[in-house]
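Take a look at the structure below.
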Amino acid sequence: MPQINRSSRILRNLAPWPLKQGLKYLWGAIPLSIRYGPEFRRTLAFLRSSQWWGRRDLEEYQKSRLVEIIVDAYDRVPFYREAFRRAGIRRELIRGPEILNDIPPIDRQVVAAQGTRMIAEGTRRGMIRITTGGTSGERLELVTRKKHRMAEQAFVFDLWGRVGFTQRSKRAVLRGNVVLSDRYRRTWKIDPLRKELLLSSYHLDEGNLALYVDRIKHYWPDYVHCYPSVIVPLARFIEQRGIVGLPPFKAVLASSENTFPGQRELVERVFRCRYFDLYGQSEQVAMAGECEVSGNYHLYPQYGYTELIDARGRRVTEEGGEGEIVATGFINTAMPLIRYRTGDWAVLGKPECSCGRHYPILESIRGRRDQESVVGRSGAVIPLAMGHNASGIYNRVKQYQFRQERPGELRLTLVRDEGYLDADTEAIRRELVGLLGGEVDLVIRFADEIPRTRNGKFVYFVRSHLSPQSKPATSKRFLESV
């Protein structure tokens, strides 16, 4: 495996493109489980065997792994070692989940401020730095290792296995990949190593959408792997033009962004298959995915210890209760995050699922709450979720983005699609003004394009003031070293 990695780097940096592609086809014949290495194989085998464990066995595993993570952070992470000492948390007191009562949540601002003090000692060799902007657009540098990323891939493959995905499956991918370059002048390319048709998320004009449909028909993939904000324009294009002859997709594999009302239904109608959503984050603290039987989200208890914390800082324990996802990851020991506030909100589901797994259930995951609410002039917080394509008011809109810079004012930027009329503007204004209830002045403007973030995601709501929702309390004493 090390020799393959060294050869891969040489190939990527020096070989001409035709030679690269030819060798990728040869390497692609090697089973993916071999190429991804022992950590991938071990994790995938563990997930396949443990998914049918009883509730008690899963709880015991979580307890054991949680203690290991916190003790390791106590021993090797400068930030936690100092923070625990100041909070009076001794190593011998770390015995189970109850220790979390003494550890306040942290957020991305704390992680960014602490920098290298969040990295476990002894991690420098083999360390991988990644940068995430998430749906908030706020950039954060994280540290992980290759084996942690391969373990994460095992979780993804296990989840996709619920809808028939195998290591031989082919995908059309629309996920922020940079395809067009000075050396490669196309907006699509085939990666034979991963069995992927890569389609640029940054070039969604009509000419390229038509090209993407043609390439999809030619490549004939089994699945589409996408950001919701990228698959929706493609689905609208296909539906509006009455395009037929698409492959018999097994599922559309969505992740990394919120799915708003109407988007799932549109995609399933056009692609004639199931829309299958995965929830995760670059911080590697929590992962959930849809159940193939019930459609609810199952949290992976093998991936992390997850809590839902309501706006008053209390744990959500009753079905139907809503709270922020605050989690302690089990995967990344290079930069362990304990009680990390993801900024995403979810609703706790029923205690049992008809599929037979004893995984925690989330009825829904709303994503970042500060992208779903507007602050009125009186300070009232107004949910905006139903303003996202609920009644078809954006059917002739290519892109739209809300921006709020001060309470009581909201700007909506629209990129008009073919056939857009003044009546569409009035319909949008009428529905949103009714939703906002006189608390907010709405300004509608037009643009030729709304840029995506550097990683290809689309931010539907840009806010330039403090988020309105309450935050779980973070102890000043615990963070005195920040």
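FYI, it's all coordinate maths here, none of it is from the lab. Predicted model, so just to flag it, every value in this text is computed and none were measured. When we count neighbours, we look across all protein chains shown, and the Cβ atoms used for this are built from the backbone with ideal geometry, even at glycine.
Quick notes on this structure:
- Of all DSSP beta bridges in the chain, antiparallel share, percent nearest 5: 60
- Restricting attention to segment 395-458, close to 50% of DSSP beta bridges with both partner residues there are antiparallel.
- Extreme residue, positive dipole direction of the chain, given options Leu278, Ser364, Thr187 (C-beta unit charges): Thr187
- For segment 265-316, applying the loop criterion from DSSP together with a ceiling of 15 other beta carbons within 10 Å to the trypsin sites (Lys or Arg not before Pro) yields Arg272, Arg312, Arg314.
- Over all pairs of different C-alpha atoms, segment 204-287 has a mean inverse distance whose reciprocal, the Kirkwood radius, equals 13.4 Å.
- For segment 230-237, 3J(HN,Hα) per residue [Karplus equation, 6.51 cos²θ - 1.76 cosθ + 1.60, θ = phi - 60°, Hz, x = Gly/Pro]: 9, 6, 5, x, 5, 5, 4, 4
- Point-charge dipole on Cβ atoms (K/R +1, D/E -1) for segment 373-463, about Cα centre, debye to 20: 420
- Among His298, His203, the ranking by other beta carbons within 10 Å of each residue's beta carbon, starting with the fewest, stands as His203, His298.
- Inverse of mean 1/r across different Cα pairs in segment 79-142, Kirkwood, Å: 13.9
- Cut-off under 5 Å, modelled amide H: who pairs with Val462 long-range: Phe402, Arg403, Gln404
- Unit Cα scatterers, Debye sum, the chain: log10 I(q)/I(0) for q = 0.07, 0.10, 0.11, 0.13 Å⁻¹: -0.40, -0.84, -1.02, -1.41
- Remark: segment 216-301 carries a charge dipole of roughly 420 debye about the Cα centre, counting +1 on each Lys and Arg Cβ and -1 on each Asp and Glu Cβ.
- Here the sum of -39500 (n - 2.57) over DSSP H runs of 4 or more residues, divided by the residues of the chain, equals -9500 deg cm²/dmol at 222 nm, to the nearest 500.
- Only Cα pairs under 8 Å and 6+ residues apart enter the sum, and on that basis the relative contact order of segment 249-360 stands at 20 percent.
- Over segment 373-463, relative contact order from alpha-carbon pairs under 8 Å, at least 6 apart, %: 33
- Anisotropy class of segment 301-374 from Cα gyration tensor, a/c 1.5 cut: oblate
- Pairs with C-alpha atoms separated by more than 25 Å, drawn from the list Lys63/Lys147; Lys189/Lys217; Lys146/Lys195; Lys24/Lys147; Lys195/Lys398; Lys24/Lys457, are Lys195/Lys398; Lys24/Lys457.
- Measuring gaps between exposed loop sites in the chain (GluC sites (Glu not before Pro); DSSP loop; at most 14 other Cβ atoms within 10 Å), the longest gap, sites not included, is 139-317.
- Calculated translational diffusion coefficient of segment 373-463 (10 °C, 1.306 mPa s; Stokes-Einstein with Kirkwood radius over alpha-carbon pairs) equals 117 µm²/s.
- This ranking places His148, His225 by how few other beta-carbon atoms lie within 10 Å of each, fewest first, which gives His148, His225.
- Relative contact order %, the chain, counting alpha carbon pairs below 8 Å whose residues are six or more apart: 15
- Simple Cβ-charge dipole of the chain, Lys/Arg +1 and Asp/Glu -1, about Cα centre, in debye nearest 20: 2100
- By the count of neighbouring beta-carbon atoms within 10 Å, fewest first, Val293, Val415, Val374 end up ordered Val293, Val415, Val374.
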